[in-house]
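Below is one structure; the comments refer to it alone.
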Amino acid sequence: MDDEDDPIVEEVPVYLSKTLSENLYLLQYPVKASNSTFDDGQVVNSCVKPINQQIKVDYALNTASKNYDSFKGEQFAIAADGKDKLQKPTFRSGTMDKQSFLSSKPIDDVNRYMICVLQDREIHATPLKGIVSMRQTFSYFDKQDKRTKAEQKAEVDADADEEEAKQVTVKFARQENEKVRKAREKSFNYLSKMESDEPWCETLWHGKNSTAAELERQRLYCSDSLRDGADSALNVDSKEYLDMLISKEKTDRNIDSMLPSRVVCMHKLQQMTLVDQIKVILRDAKVLTFQQIMDLLPDRTLAVDKVLRTLPMAGVLIRGNWVVQSESIYPDGSVSSTNGVPAEQMCKARDYILYRFTQCDKLERHQLAMITQLPSEEIREILDSVAKINSDRSWSLLLPPNEEFSVNEQEISDRQTAFWTARADKFNEMEKSTKRVRKRSSRSDSKYDMKMSNG
């Protein structure tokens, strides 16, 4: 169809507002009738789980209505809380005076959805953080079942005179590789446990006609300063505009062989600071030469000296190759994926392993486990981040030593050597402490053998 047959009737400017993009959720009520709304409903309590994006809202029931059955309401309250009410009651008034709605996520990827507002012939769009479906929950029935089972168990325990001996079966956990771990983390039981472990955060609910709600709605509009600069910001040709919109893959750099699983696209990488760019690249590629880092950076015009000055803030040098700092893999507050070892212990063990790689070509996992006092699974997790396993079950760095960098960049190489030398005393003390423990253990065994022989 020619443009003449389909003329432009009107042009409407569209502005992107990101003020609420990290906190804007769309709440849907799929089980409610289309003519039934909660616009005038009274919210008595609301709370969220921000990590798992769960929302719970309690709406008040009109217990004075002629359609409300007071007797049934009292029976529901007694069934939920019992007669003693020793714990926090579900219904404080002694009758069922509220209905609770709990959210579920019908859509995980909401990157294509926005909330748009039309005003003064302008469209203001705000990206959504999440979309949730609110459905009524009947948790008070669950409380009744739990209390009934607890009472029955207490009666059985009271009647039992003595506990009979039971056969105990010991099972050893099978070693978990990366593929199995990822599958486990996607399982229903694992996700359910993560949701249940996260505590609820109490929130304040503002009515739609309140001043606070109106102030929040104003944040859906793009500010005047951003609108004034929008025309100049988008004054680019069609190719550049598409590059800004699409997460373009830089295939001409042959990065597929170096980045096995990109966690961010090149477009997002460009928005980061240089030190964060290097952290992401090193964390994803595990071990890289300096030239590979230069090839992977989005800005090819960066000066070599600037990258060299920034590298020590993101990575450490291991025999001419760069690996990411341990704190980037195990930030404060995090734990290991298998046995939940705290980040501080994981960083300490990983730094020791990196130090050992500066001294020798191959490492044995069982020796590292004895010195670091970490489970074997955690040692495997650390080694997988920088090394590969050999046919003789030893571990070597993913890349061979790069002597050329150490020669060409003598100053930064010397500074990195001094960094490891300064920490060598602490690492040597770890090894000596392990040897002392092993010696004491061997002496104890010898004394025990002597007693047995003398007896």
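In the range 307-413, counting only strands (runs of 3 or more DSSP E) that sit wholly within it, the ones holding 3 or more residues that are assigned by TED's automatic domain parsing to the domain that holds D425 and either of a type in the set (F, W, Y) or under 17 Å from F290 (Cβ atoms) (or both) span 315-318, 321-324. Those strands (runs of 3 or more DSSP E) of the range 46-132 in which at least 3 residues are surrounded by 17 or more Cβ atoms within 10 Å (Cβ to Cβ), considering only elements entirely within it, cover 54-60, 98-104, 122-127.
Only one of the numbered conditions (1) surrounded by fewer than 21 Cβ atoms within 10 Å (Cβ to Cβ); (2) in contact with a helix residue (DSSP H, G or I) (Cβ under 6 Å, 6 or more places away or on another chain) is not met by L317, and that is (1). Note on the range 178-221: residues that are part of a helix (DSSP H, G or I), modelled with pLDDT of 85 or more and either loosely packed, with under 12 Cβ neighbours inside 10 Å or not acidic (D, E) (or both) total 7.
Here are the criteria: (1) in contact (Cβ under 8 Å) with a residue 40 or more places away in the chain; (2) in contact with a strand residue (DSSP E or B) (Cβ under 8 Å, 6 or more places away or on another chain); (3) of a type outside the set (K, R). Tell me which single one I281 does not satisfy. All conditions pass for I281, except number (1).
Taking the range 98-146 as the search range and keeping residues that are among the hydrophobic types (A, V, I, L, M, F, W, C) and farther than 25 Å from I51 by Cα, which one is farthest from the chain's Cα centre (by Cα)? Here the answer is L118.
The values are calculated or read from the model by the stated rules, or taken from the named source; none is laboratory data. Model, not experiment: these values are computed from the prediction. Because the Cβ atoms are built from the backbone with ideal geometry, glycine has one as well, and the counts that use them run over all protein chains shown.
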